[in-house]
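Quick notes on the structure that follows.
Please treat every number below as a calculation from the coordinates, not as lab data. Note that the structure is a prediction, hence the values are computed from the model and not measured. Cβ: placed from backbone, ideal geometry, glycine included. Neighbour counts: every protein chain shown.
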Amino acid sequence: MPRSLSRPRTTTPGPRRATAAAPLALLAALLLAVTACGGGDTGSEGAAESSGSGAFPVTVTGSNGEVTLEEQPGSIVSLSPTATEMLFAIGAGDQVVAVDDYSTFPADAPVTDLSGFTPNAEAIAGYEPDLVVLSNDQNGIVDALAELAVPTLLLEAAGSVEDTYAQLETLGEATGHADEAADVAADVQERIAAAVASVPDGVEGMSVYHELGPELYSVDSSTFVGSIYAMFGLENIADGPGEAAGGYPQLSPEYVVGAAPDLVVLADTKCCGESAATLAQRPAFDTVPAVVEGRVLEADDDIASRWGPRIADFAESVAEALQG
């Protein structure tokens, strides 16, 4: 499966390594959703609508429909690394009693052996949660938890930056931290805008290659991370091939070298040990403009794959690489 923006211990902890032979669409869908990383390019339709202003009961709408919480949840289980990051960022960390085995951030998250890849309803229910948050309906877990009367909020992988803000809002309403969630979303939005504004005018029209792994899986502009590059006015070399591959094409070395990207972002540094140095050692890659001019961003796999608040960190890293 391809790793994506939302990769688990993209994630990086990164996601479990996928092979070049793995079905691309399935890979992108599963990894993006569990990290954190569903089909990141499909968006989170219906996953971020909410009603209420902090008082309970409150009704929020996830990809699994409306969820009504009679009281502020005090025992939350998160099976999504991205949701875990969001919950702690908005001040709901004290309410989180368990997270999946890929939720590696923040460091004090109560990591367990619960799996977002192979979720077990009985194991989850053992924590007596009054709210479960996940980003992927693996193995029919949503229905299984419903049968156990466990309130469950499904927030699928984001397809755009706006989805991040919307999901923060939803989690804020669901946990009783609406104001804090609004503040976090505003801060992220401001930081991204500042990062975009900080790059030279000549950046617009430059090309970018985003690498998910040494097998040369990439992301196009229809994906969440691709939308961030679009904010900078960058041309994505994966846009052509990506259209027929659900947004996550596997490129050939010849294609990447021939596309001559001005910026290369390596989102496989933690999982696979890739670096600017190893990139330059590949046949003909030492001729790529990004390598020649020193515009190779060695990204943190998790930050470059999850659509939580740390997308601002990622945007700032991209800006710094473009400035350099």
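From the square roots a ≥ b ≥ c of the eigenvalues of the alpha-carbon gyration tensor of the stretch 110-261, which class results: rounded (a/c under 1.5), prolate (a/b over b/c), or oblate? Here the stretch 110-261 falls in the oblate category.
Packing, taken as the mean count of other beta carbons within 10 Å per residue, orders the peptides 138-145, 280-287 from highest to lowest as 138-145, 280-287.
Of the peptides 118-126, 57-65, the ranking by mean beta-carbon count within 10 Å, highest at the top, reads 57-65, 118-126. Tell me, what is the FRET efficiency for residue 280 and residue 120 to the nearest 0.05, using R0 = 56 angstrom and their Cβ-Cβ distance as r? Using R0 = 56 Å, I get an efficiency of 0.80.
Inverting the mean 1/r over all pairs of different Cα atoms, compute the Kirkwood radius of the stretch 167-218 and quote it in Å. Show your work: numbers first, answer last.
Details: mean 1/r = 0.0713 Å⁻¹.
Evaluated on the stretch 167-218, it is 14.0 Å.
The H on the amide N of residue 207, modeled in the peptide plane, is under 5 Å from the matching H of 235, 262, 263, each at least 5 residues off or on a different chain. Extension gain, residue 292 to residue 143: 0.36 nm times the residue separation minus the Cα-Cα distance gives 48.4 nm.
In the stretch 49-188, the convex hull through the Cα atoms has an average projected area of 7.3 nm², a quarter of its surface area.
Extent of the stretch 137-195 along its three principal axes (Cα atoms, max minus min coordinate, largest first): 46, 25, 10 Å.
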